[in-house]
Amino acid sequence: MVEGVPAGTSSPLRLVCFELRQQELAFPIADVRETLPLKPISHVFLTPPWLAGIFSLRGEIVPAIDLGVLLGLPRTVVGDDARIVVVEKGPLVAGVLVERLRELRTIDAAALEPPPASLPAEVAAILTGIAATPTGTVRVLDLDALLSSDRIGALAREESPTA
């Protein structure tokens, strides 16, 4: 059973699904502010490789995260279908580059299986779980864990008005 989901509990979990390296990943819809067509992203020198740069969202400067690099993969391929998934947790707003959006899904939260033991610990730590779907598996990302990871933590502290 997945941590945070009580045994025997069956509740729907709505997901914003997207594709990265032919894998279906998702954020719970409650963590997603909006999805956008790809916007011009300005590279910022002397930043970690997973930070693709920054972009303007209605006058707000938002960091753009390359999730592929963060997961130890090559840079995200920015093609015609590429999108930005804008996520928000407290005061932190970030855009996550994805290769393409997939459909919204509603799954049973109790159907989430824990991440496989074969995954590197730092990747497993940012997954809420994995669910089987009629079209394959979807890996559900834990935005709290993602934004508090060592790589992102520095960004969150810099963005926080109380830091």
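Derivation of every value follows stated rules applied to the coordinates shown; laboratory data play no part. These figures come from a predicted structure and were not determined experimentally. Quick reminder, even Gly has a Cβ in these numbers, built from the backbone with ideal geometry, and neighbours come from all protein chains shown.
Listed by first and then second residue, the pairs linking a residue in segment 18-46 that is in contact (Cβ under 8 Å) with a residue 40 or more places away in the chain and surrounded by 13 or more Cβ atoms within 10 Å (Cβ to Cβ) to a residue that is assigned to a strand (DSSP E or B) and of a type in the set (Asp, Glu), with Cβ atoms under 6 Å apart and 6 or more places separating them unless they lie on different chains, are ARG33/GLU88.
Of all residue pairs spaced 6 or more apart or on separate chains, those with beta-carbon atoms under 6 Å, a first member in segment 93-111 that is touching a residue at least 24 places away in the same chain (Cβ under 8 Å) and a second member that is in a helix (DSSP H, G or I) are VAL96/LEU67. Listed conditions (1) of a type in the set (Val, Ile, Thr); (2) closer than 14 Å to TRP50 by Cα; (3) without any contact (Cβ under 8 Å) to a residue 40 or more places away in the chain are all met by THR76, apart from (3).
Go through segment 110-135 and report how many residues are under 23 Å from THR35 (Cα atoms) and small (Gly, Ala, Ser). Number satisfying all stated conditions: 2. Inside segment 36-55, residues that are part of a strand (DSSP E or B) and out of contact with any strand residue (DSSP E or B) (no Cβ under 8 Å at 6 or more places or on another chain) make up a count of 0.
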